[in-house]
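All remarks here apply to the structure that follows.
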Amino acid sequence: MALNLRQKQTECIIRMLNLNQPVNSTSTGNEEEVYKMLIFDRFCQNVLSPLIHVKDLRKHGITLYFLIDKDRKPVHDVPAVYFVQPSKNNIDRIVADASRFLYDNFYLNFSSSIPRPLLEDLASGTLNSDSVQRISKVHDLYLEFITLEDNLFSLAQKNIYVQLNDPSAGDREIEEIIERIVSGLFSVLATLAVVPVIRCQRGGPAEMVASALDQRLRDHLLSKNNLFTEGGGFASSFQRPILCLFDRNFELSVGIQHDFRYRPLVHDVLGLKLNRLSVQGEKGGMKSYELDSSDPFWVANGSLEFPEVAVEIETQLNKYKKGVDEVNRRTGGTDGAEFNGTDLIGNTKHLMNAVNSLPELTERKQIIDKHTNIATVLLGEIKERSLDSYAKKENDMMSRGGIDRNELVSALKGKGTKTDKLRFAVIYLISSESINQSEVEAVEAALRESEVDISAFQYVKKIKSLNVAFTSANSASRSNIVDWAEKLYGQSISAMTAGVKNLLSSDRQLALTRTVEGLMEGKPNPEIDTFLTFDPRAPKSSSGTSTSHLKGPFKEAIVFMIGGGNYVEYGSLQELATNQQPVKHIIYGSTEILTGVEFVEQLSLLGQKMGLGNVTATAPPPPGR
């Protein structure tokens with residue numbers, strides 16, 4: 001059975017809402033329903049948001065729900081289900097709630113494993129306040145991630161790219177970041193109950209995460225009651241998934257480029273967060289929409305180019321009108337009239353058919369109206385900012401490895417926001433095979449003329465110049481550059497600049513997608529021969545080496561991007577999975593899902609930390625907002 005992260009996480013949450021009792025699908029309905037309260041923190045609220053709606057909470061007996069940091073009044077005779085991260089603030093608040101006897105029974109559920117010191121604080125706090133008997137259960141749920149779609153998740157860890165590439169970051173800070181990422185990935189694997197074969201880039205954060213995760217899994221597998229139920233065995237590598245770890249620098253441009261497909265466009269332009277967005281309604285005022293697996297139009301058309309989506313909306317509208325006309329014709333109504341169920345006459349059979357089709361027609365109309373409104377707002381932004389032109393020119397640059405100078409400067413002086421122009425300029429820099437100093441100066445002048453902070457541009461230029469210096473230097477001076485880069489960036493120069501090399505492919509398939517395809521196939525391939533292999537189920541000595549039983553082929557993959565992912569990579573990987581024969585299955589995740597604007601803000605922050613860019617420029621808003 002294919003891995004379904006959304007389904008698995010939802011099952012864990014429903015079990016938690018039922019006081020961690022197995023949910024009996026064969027229940028007779030005679031059992032007395034237990035009414036409960038739900039208390040969560042902000043992070044766990046975000047975990048619940050894409051998975052469970054208010055009506056679902058009520059279905060599982062949750063009558064009230066509150067944020068943990070809000071003042072709450074005592075409610076007796078009703079158990080309280082807590083779902084929070086294991087932090088000192090949350091433990092202190094739980095102890096305070098118990099000591100005030102807010103609820104008779106506390107069912108504590110932590111999103112990841114609670115550290116021993118905090119567990120001791122909980123025990124001593126409730127003992128001292130004589131409330132320990134109120135703590136009914138304590139569970140580690142390993143749900144420290146947010147599932148947005150069946151095959152898409154985020155650890156919701158902000159600004160990881162900045163933190164890992166900050167020149168001033170110390171070893172201890174880097175270790176803490178790596179540990180947080182490992183904890184999140186461990187939660188994902190525990191929820192899926194699989195121990196994967198791990199492949200990663202050599203050097204940089206990907207190898208650090210792979211090594212630490214490998215050790216974490218090994219330690220856990222030694223315990224008798226471990227979380228992984230699937231069988232292991234060297235001969236059954238096709239039965240186990242492969243976990244492919246990448247660092248954002250592997251393919252920098254994808255996080256920056258403008259994309260003209262529906263799902264990435266909605267995310268980038270309209271700010272899709274936790275599967276929700278708000279746009280201007282047709283009659284004024286803001287309209288909020290959900291875009292998830294319950295929306296068939298979103299599922300079917302998310303990967304299409306925007307003009308194709310507009311055509312599809314028109315097609316669906318015509319189908320709906322035909323459905324209405326058909327019902328009205330059968331029931332004696334007026335052709336083309338809006339179907340509202342009031343003009344139902346005719347024989348009983350036709351009447352029943354019309355009544356039965358009403359809910360489906362109404363639902364279809366709501367979905368069409370929703371996407372018509374979203375597409376209308378998108379079209380306004382596209383025209384105002386020339387987003388179609390940016391997407392085409394950037395794609396051409398990536399394919400050809402450059403752009404005509406007049407076209408370049410003209411685009412920078414044309415339509416678009418300051419960030420649109422900055423993203424375009426950075427893509428020009430990345431796509432160029434060599435740095436043309438006079439062209440770069442013309443670009444910087446055009447950006448300054450538009451009052452754009454060029455910190456991000458200069459940061460990427462610094463990486464680019466390092467790459468050029470590295471490839472052209474002799475072996476003696478090369479080692480000096482490597483030493484300097486490792487001190488400056490905290491990782492190897494090859495890991496930092498690999499993105500520049502990967503961007504020059506002439507075909508449209510992303511370097512990430514090509515690499516994942518190669519890793520899943522397991523055939524000899526120069527693009528993946530340098531990737532390290534870790535198998536937590538194998539003897540320690542063979543870890544980090546590629547042995548024959550680990551090479552695949554693999555039917556299932558989990559692809560994880562350290563430093564921020566996006567809907568472009570997600571769509572590309574899903575396309576790869578469905579185009580394979582037989583169909584493969586790929587789950588994509590990242591430390592956070594970023595729009596192009598948010599990622600460029602992180603590059604700007606790094607530029608400023610290195611003293612690059614405009615001295616007088618206003619600092620960008622915090623990334624990943």
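Within the set 88/287; 393/584; 70/158, which residue pairs have Cα atoms separated by over 30 Å?
On the way: 88/287 38 Å; 393/584 33 Å; 70/158 24 Å.
Violating the 30 Å limit, Cα to Cα: 88/287; 393/584.
Arrange the residues 142, 82 by how much accessible surface each exposes, largest first, with a 1.4 angstrom probe. The partial results should precede the final answer.
On the way: 142 35, 82 0 Å².
The ranking, largest first, comes out as 142, 82.
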Toward the positive end of the charge dipole of region 1-106, about the Cα centre and with charges on Cβ (Lys, Arg +1; Asp, Glu -1), which of 94, 76, 19 goes farthest?
94
Can you work out the Karplus-derived ³J(HN,Hα) for every residue in region 517-534? Use 6.51 cos²θ - 1.76 cosθ + 1.60 with θ = phi - 60°, whole Hz, and x for glycine or proline.
4, x, 5, 6, 5, x, 8, x, 7, x, 5, 10, 4, 7, 6, 7, 10, 10
Leaving ligands, DNA and RNA out of it, report the carbon-plus-sulfur percent of the accessible area of region 84-240 at a 1.4 Å probe.
49 percent
Please sort 201-208, 178-185 by packing, taking for each peptide the average over its residues of neighbouring beta carbons within 10 angstrom, highest first.
201-208, 178-185
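Filter the cross-link list 283/370; 392/461; 383/415; 418/464 down to pairs whose alpha-carbon distance in this structure exceeds 18 Å.
Numbers: 283/370 13 Å; 392/461 23 Å; 383/415 9 Å; 418/464 22 Å.
Listed pairs above 18 Å: 392/461; 418/464.
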Using a cut-off of 20 Å between alpha-carbon atoms, which aspartates and glutamates can reach residue 365, once sequence neighbours fewer than 8 places away in the same chain are excluded?
282, 290, 292, 295, 308, 312, 314, 325, 326, 335, 338, 343
Aspartates and glutamates with Cα under 15 Å of residue 540, excluding same-chain neighbours fewer than 8 positions away:
214, 219
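Counting only protein chains, not ligands or nucleic acids, how are 65, 289 ordered by accessible area (probe 1.4 Å), most first? List each step's numbers first, then the result.
On the way: 65 100, 289 30 Å².
Largest accessible area first, the list is 65, 289.
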List every residue whose amide H lies under 5 Å from the amide H of residue 243, counting only residues 5 or more places away in sequence or on a different chain, with H placed 1.01 Å from N in the peptide plane.
197, 198, 199, 558
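The values are calculated or read from the model by the stated rules, or taken from the named source; none is laboratory data. Computed from a predicted structure; not experimentally measured. Neighbour counts are summed over all protein chains in view; Cβ atoms, including those assigned to glycine, are modelled from backbone coordinates with ideal geometry. Calculation scope for accessible area: heavy atoms of the full protein, side chains included, ligands and nucleic acids excluded. Shrake-Rupley method; radii C 1.70, N 1.55, O 1.52, S 1.80 Å.
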